[in-house]
Amino acid sequence: MSRTHVAWHIDASGFHWLAASLAEYWRLPFDADLVRSRFTPPYGIPALIEVLDALGLQAGILSWQEASWEELPLPAVAFRGGGEQGVEPSAEADTDGPGLLTPVLIVGSDAGLLSLVRPGQHEPQRISIENFRKQAAPLLLLVREAEPPVTEDAAATASEASEGKAFGFSWFVPELLRHRTIWRDVLLASLAIQLVALAMPLFTQVIIDKVIAHHSESTLIVLGVALVAFMLFTAVMSWLRQYLVLHTGCRVDAVLGEKVLRHLLRLPIPYFERRPTGTLVARLHGIETLREFVSGAAVSLLLDLPFLAIFLAVMFAYSWQLTLIAVGLILLIALASLVMVPVFRRRLDRQFLLGARNQAFLTEYLSGIDTVKSLQLEPEADKRYAAYLAPYLSASFATR
């Protein structure tokens, strides 16, 4: 959003009319008094988008130049200037009368004509696109239904619907797929790194077969310079790849954290009454584990797996018998890992539950420290925490 868009202001009556009209169109609950108390003037484009988001609608800005009226999703929102001449594309609106924008709903488009609904009107009026463009600000607001608004009934429904969808990869894989371009660059960097890594043992073979056998110092110098260049190249590409992975991981973490918190806030009150606060906090901290996975060595390993075929092809070219032995060992290790996965899963679940219990204990006692001290419950707290800590440490040791 440009600075010009941020500087524009919308008149209050049109602002509330637009929010109510869009809520009515999508049959969403709307409370005008609640909107007025939560969002105070002056109203701008960012405030309008925030209101629509609170209603359960998703809004995006589109310039007039990018608009394709045949494919434009309707209804869309346009903005007329306070005066008859509208807002010129290069002008920055102010808060003094003429700079105020009046929202207009575009409900139809046909043969170069627009069907518009203005504040206070119930029937659409038709006007040519060119004439209206002269009166309007150079942007459109596209609106579509997103998630339902935050209400108790909607929260209960969302909670029931999400029971069959466990928190895990399905929550953040779609977010990872949004960054396809970055992952493509990371894969290209991985390909370059793997090809250079493949050259290292080949250089070693040349040194043994050619340099040592024939005492060729000139060949050794050339190979040494090439090895240094390859090592520098590998270091640079590895740094770039890790930077892209970490940067993308942080972006995914930000979206995931916001999504989890929004989901938590939409849950009904009985959900919070049945669970200690510390347990909920411990579960929220579980996002950190996912972030470390997304931005850690595990992702780099997964990115390198597709290039295993290149190494296997070279190994088969040298000796298929030795290659089969290596592949067999890899399969045995993979099989052993699959067998141990359920065992480690149970141990990790136990460790997490015991850690959540400790977190809940500390949170509840520290939040009520005045009561603990007034009733002289410190010895009992020490004894209970020691009883909680011992099994947690044992579970942590078992997962190592």
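Observations on the model:
- When we screen 109, 115 for residues that are among the small types (Gly, Ala, Ser), in a strand (DSSP E or B), assigned by TED's automatic domain parsing to the domain that holds residue 11 and modelled with pLDDT of 85 or more, the only hit is 115.
- Residue check, residue 98 at pLDDT below 60 and not aliphatic (A, V, I, L, M): yes
- Residue match in the stretch 124-133 (condition: at pLDDT 75 or above, closer than 21 Å to residue 24 by Cβ and either more than 37 Å from the chain's Cα centre (by Cα) or in the same structural domain as residue 260 (by TED's automatic domain parsing) (or both)): yes
- Only listed residue being at pLDDT 75 or above and not basic (Lys, Arg), chosen from 256, 290, 303: 256
- Verdict on residue 384 being under 35 Å from the mean Cα position of the chain (by Cα) and not aliphatic (A, V, I, L, M): no
- One residue from 357, 350, 400, 346 being within 19 Å of residue 282 (Cα to Cα) and surrounded by fewer than 13 Cβ atoms within 10 Å (Cβ to Cβ): 346
- If the condition is being in contact (Cβ under 8 Å) with a residue 24 or more places away in the chain and hydroxyl-bearing (Ser, Thr, Tyr), then the stretch 337-391 contributes 363, 367, 385, 388.
- Those residues of the stretch 22-51 which are more than 20 Å from residue 79 (Cα to Cα) and free of Cβ contacts under 8 Å to residues at least 40 places away in the same chain, in sequence order: 27, 30, 31, 32, 33, 34, 35, 36, 37, 38
- Identity of the residue in the stretch 249-280, touching a residue at least 40 places away in the same chain (Cβ under 8 Å) and assigned to a loop (DSSP other than H, G, I, E, B), that ends up surrounded by the most Cβ atoms within 10 Å (Cβ to Cβ): 266
- Hits in the stretch 225-248 - residues which are surrounded by 14 or more Cβ atoms within 10 Å (Cβ to Cβ) and over 34 Å from the mean Cα position of the chain (by Cα): 227, 230
Residues checked against (1) under 30 Å from the mean Cα position of the chain (by Cα); (2) in a helix (DSSP H, G or I); (3) outside the structural domain of residue 192 (by TED's automatic domain parsing); (4) modelled with pLDDT of 80 or more:
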{"position": "294", "(1), (2), (3), (4)": "yes, yes, no, no"}
{"position": "307", "(1), (2), (3), (4)": "yes, yes, no, no"}
{"position": "324", "(1), (2), (3), (4)": "no, yes, yes, yes"}
{"position": "332", "(1), (2), (3), (4)": "no, yes, yes, yes"}
{"position": "339", "(1), (2), (3), (4)": "no, yes, yes, yes"}
{"position": "357", "(1), (2), (3), (4)": "yes, yes, yes, yes"}
{"position": "362", "(1), (2), (3), (4)": "no, yes, yes, yes"}
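- Members of the stretch 33-85 found to be under 29 Å from the mean Cα position of the chain (by Cα) and part of a loop (DSSP other than H, G, I, E, B), listed by number: 39, 56, 67, 71, 72, 73, 74, 75
The values are calculated or read from the model by the stated rules, or taken from the named source; none is laboratory data. These numbers come from a predicted model, not from an experiment. We place every Cβ from the backbone using ideal geometry, glycine too, and count neighbours over all the protein chains shown.
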